[in-house]
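Everything below concerns the one structure shown next.
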Amino acid sequence: MMIRLLHSLPNIINKTFPIPARFRSALPRDIAELSQLLTNKRGERSLSYLGRQNFLSAYLHYFLPWNLYRLCILLKDLDIKLLPNNTIIDLGSGTLTLPAALWIAYPNLRTIPLEFFCIDRSGQALEAGKKFFNALAADSLWKINLVRKDIDINKNGVIHKGITSKNGALVCAINLFNEIYEKVSYNNTGGLKQIASDSAKLMHTLAAENGYILTVEPGVPQSGRFISFLRDEFIKLDRIPAAPCTHSGECPLINSKSKKWCHFAHENFDPPKELVRLSAAAKLPKERLVYSYLLTNNAKKQTGKAARVISDSFPLPGGKTGCYGCSEQGLVLLAQDKHNKEKILSGNLVKDFINTNKIDVKSGALIIDLAGEKK
């Protein structure tokens with residue numbers, strides 16, 4: 001069901017936001033230009049870039065479906081439980097990627113009433129997102145409130161009438177905070193920590209006591225560091241990491257000398273051919289979907305022996321392959337025979353393993369031999 005809906009996205013978008021034939025040829029160029037503004041030319045991007053029709057069209061036809069693919073792949077593996085009439089607060093909602101992803105990834109939620117507050121500074125993006133959502137989820141029971149407003153992470157509490165403190169069963173920020181910390185030097189640890197602290201306090205203020213908070217950021221080193229600092233700030237507020245973390249202790253990647261960061265990559269996905277062709281035309285082929293994320297709640301602190309895979313596999317001496325993992329024991333190097341058919345993929349959870357009590361000289365990670373993993 002999820003894959004079928006994802007495959008229908010280009011058709012829904014083309015019908016909802018048709019591009020006249022005389023402008024269609026310019027779409028790949030607009031996509032490439034917008035990609036530059038979102039990455040290595042961020043300094044040239046204005047706050048209202050989605051107010052330009054060509055960029056909004058590029059975003060809707062290219063970035064929206066790819067972002068939905070990435071977010072749906074993540075959501076399907078997260079244990080988020082919502083009840084009828086719950087409130088969801090989506091900070092930096094843009095074209096309503098989160099409500100659409102929840103609709104696609106969680107069919108069980110489609111039959112219950114939910115209320116969304118979708119907050120973004122771009123009214124054009126919000127209106128386009130609602131139009132797209134209505135086309136995707138016709139006759140939905142969900143109430144979608146659009147809130148055009150800048151989000152100031154230094155101001156906690158009420159953001160808009162109807163959004164009161166402590167009423168969000170789910171508070172989300174998808175690709176929001178990188179627009180703030182991207183201006184901070186990688187070596188400015190204090191500045192990054194302060195942004196993480198302010199962001200955590202804002203989301204904590206909006207979330208119900210038993211609510212979930214989900215943050216998703218690009219899978220680049222600065223994002224991974226931000227997520228690690230954000231995790232620490234949430235723990236101070238008694239918001240315990242539910243995923244991807246396997247424990248509630250100190251993040252082993254914050255002070256790691258291995259230069260690893262928390263991120264996840266998916267290579268085995270099945271996008272529609274039309275989206276692949278558009279990506280190729282814009283010279284932006286997608287081979288991997290990469291992100292960093294954090295889901296918190298107020299559950300009891302996690303304990304137990306488990307490791308989350310946070311890297312691709314690579315060859316090791318002695319006919320083995322390895323990958324790095326994050327665990328309560330710190331950074332671990334998971335090693336297995338290269339002929340083992342059970343490939344350990346980025347994001348996988350390895351449980352009840354037996355360690356070798358050996359340390360990898362290169363990374364300082366504890367070595368885990370998966371041949372000795374308990375079944």
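Looking across the stretch 205-223, the residues that are surrounded by fewer than 22 Cβ atoms within 10 Å (Cβ to Cβ) and either under 17 Å from residue 243 (Cα atoms) or not charged (D, E, K, R) (or both) come down to 205, 208, 210, 218, 219, 220, 221, 222. Is it true that some residue in the stretch 170-183 is under 19 Å from residue 259 (Cα atoms) and surrounded by fewer than 18 Cβ atoms within 10 Å (Cβ to Cβ)? Yes, there is a match, as at least one residue in the stretch 170-183 is under 19 Å from residue 259 (Cα atoms) and surrounded by fewer than 18 Cβ atoms within 10 Å (Cβ to Cβ).
Can you tell me how many residues within the stretch 123-134 are open to solvent by less than 50 Å² (accessible area, probe 1.4 Å) and more than 21 Å from the chain's Cα centre (by Cα)?
Here is the first cut: in the stretch 123-134, the residues open to solvent by less than 50 Å² (accessible area, probe 1.4 Å) are 123, 125-126, 128-129, 132-133.
Retained after the next criterion (residues that are more than 21 Å from the chain's Cα centre (by Cα)): 123, 128.
Looking only at that region, the number is 2.
Report whether or not residue 104 is surrounded by 23 or more Cβ atoms within 10 Å (Cβ to Cβ) and out of contact with any Ser or Thr (no Cβ under 9 Å at 6 or more places or on another chain). Steps first, answer last, please.
Values: surrounded by 23 or more Cβ atoms within 10 Å (Cβ to Cβ): yes; out of contact with any Ser or Thr (no Cβ under 9 Å at 6 or more places or on another chain): yes.
Spelling it out, residue 104 is indeed surrounded by 23 or more Cβ atoms within 10 Å (Cβ to Cβ) and out of contact with any Ser or Thr (no Cβ under 9 Å at 6 or more places or on another chain).
With respect to the conditions (1) over 22 Å from the mean Cα position of the chain (by Cα); (2) surrounded by 23 or more Cβ atoms within 10 Å (Cβ to Cβ), residue 310 falls short on a single one, namely (1). Filtered by the rule that a residue be more than 18 Å from the chain's Cα centre (by Cα), small (Gly, Ala, Ser), buried (at least 16 other Cβ atoms within 10 Å of the Cβ) and not in a loop (DSSP other than H, G, I, E, B), the stretch 238-280 gives a lone residue, 279.
So is residue 120 more than 17 Å from the chain's Cα centre (by Cα), surrounded by 24 or more Cβ atoms within 10 Å (Cβ to Cβ) and among the acidic types (Asp, Glu) or not?
The answer is yes for residue 120.
The values are calculated or read from the model by the stated rules, or taken from the named source; none is laboratory data. Since we're looking at a predicted model, the values are computed, not measured. Neighbour counts are summed over all protein chains in view; Cβ atoms, including those assigned to glycine, are modelled from backbone coordinates with ideal geometry. With ligands, DNA and RNA removed, areas are computed over all heavy atoms of the protein, side chains included. Shrake-Rupley method; radii C 1.70, N 1.55, O 1.52, S 1.80 Å.
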